[in-house]
Amino acid sequence: MTRVKFELPADDLQRAKSFYRNVFGWETQQLPFEYVLVDTDGEPVDPADSDGGISPRTEFVQGPVLIIEVESIDDVAPKVEQAGGVLLNEKQRVGDFGFSQYVKDSEGSVLCLWESLQG
């Protein structure tokens, strides 16, 4: 089963957290680095089962991004290229949570592959 989450870019993480909390009632949890986990049903954020996140705007994350959880980025990344996509960066470790790698699909949409370290 493939899980899909979202990532929203922000120029100011605190301002974005306030916006989504005040407008939609989302709960957030600041991680020990520049990333905010989001739970959209108003329940406290469970890092193992968050709905998505808010990240600093970067070269790759300029608009909303789908995060696609995969068993192994090393297995999926070559398939992205074989299917006409592009790898945008190297696989990167994200704290004690997992690994990520940004890619573009065949139509130019940016996606984030996610490999969790948490079962």
Taking segment 66-115 only, how many residues are of a type in the set (S, T, N, Q), loosely packed, with under 15 Cβ neighbours inside 10 Å and either modelled with pLDDT under 95 or within 17 Å of the chain's Cα centre (by Cα) (or both)? 5
Pairs where the first residue, in segment 32-59, is of a type in the set (Lys, Arg) and the second is part of a loop (DSSP other than H, G, I, E, B), C-beta under 7 Å, 6+ apart: ARG57/ASP11
I'd like to check something: does segment 75-92 contain any residue that is among the hydrophobic types (A, V, I, L, M, F, W, C), at negative phi and in contact (Cβ under 8 Å) with a residue 40 or more places away in the chain? no
For segment 36-84, what are the residues that are among the polar types (S, T, N, Q) and within 18 Å of ARG15 (Cβ to Cβ)? SER55, THR58, GLN62
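The values are calculated or read from the model by the stated rules, or taken from the named source; none is laboratory data. Model, not experiment: these values are computed from the prediction. Reconstructed Cβ throughout: ideal geometry from the backbone, glycine too, with neighbour counts over all protein chains shown.
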